[in-house]
């Protein structure tokens, strides 16, 4: 392989690495304990990294849009947010809606997300999905 071709490949690879290093990709994240996501996304908020949503971001994963400024977030055509009320175990261990945590989560979301939630039934036990044209009106497509 000629030296010029190797150099071109090396420059291309280093440029791609820089782009990838500057972004955090969220793809097919089902969520989990809200506290873990608050810590993770609070750290992202303080970083210079941008967040690429590429696939499912459900449940506690949606805290990203409440903790990371919208100008640092972009979405792909595959992106979908899944929202629902927060749950916690009751004294017998059954998961029930935690109204206080649900209010906290709702309050973290930007006003346009709150408005969309309000128009679509609010945070409730079943999942509601934000995707496609509705999502594209709120967040830019990744370039």
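The values are calculated or read from the model by the stated rules, or taken from the named source; none is laboratory data. Owing to the predicted nature of the structure, the values given are computational and were not obtained by experimental measurement. Cβ sites come from the backbone with ideal geometry, for glycine too, and all protein chains shown count toward neighbours.
A single entry from 65, 38 fulfils the requirement of being part of a helix (DSSP H, G or I), crowded, with 16+ Cβ neighbours inside 10 Å, at pLDDT 90 or above and over 10 Å from the mean Cα position of the chain (by Cα): 38.
Residues in region 77-95 that are surrounded by 13 or more Cβ atoms within 10 Å (Cβ to Cβ) and more than 18 Å from the chain's Cα centre (by Cα): 87, 88. Taking region 70-109 and the strands (runs of 3 or more DSSP E) fully enclosed by it, the elements with 2 or more residues that are within 13 Å of residue 138 (Cα to Cα) and modelled with pLDDT of 95 or more are at 73-75, 80-83. The residue that is surrounded by the most Cβ atoms within 10 Å (Cβ to Cβ), counting only those in region 110-125 that are in contact (Cβ under 8 Å) with a residue 24 or more places away in the chain, part of a helix (DSSP H, G or I) and in contact with a strand residue (DSSP E or B) (Cβ under 9 Å, 6 or more places away or on another chain), is 113.
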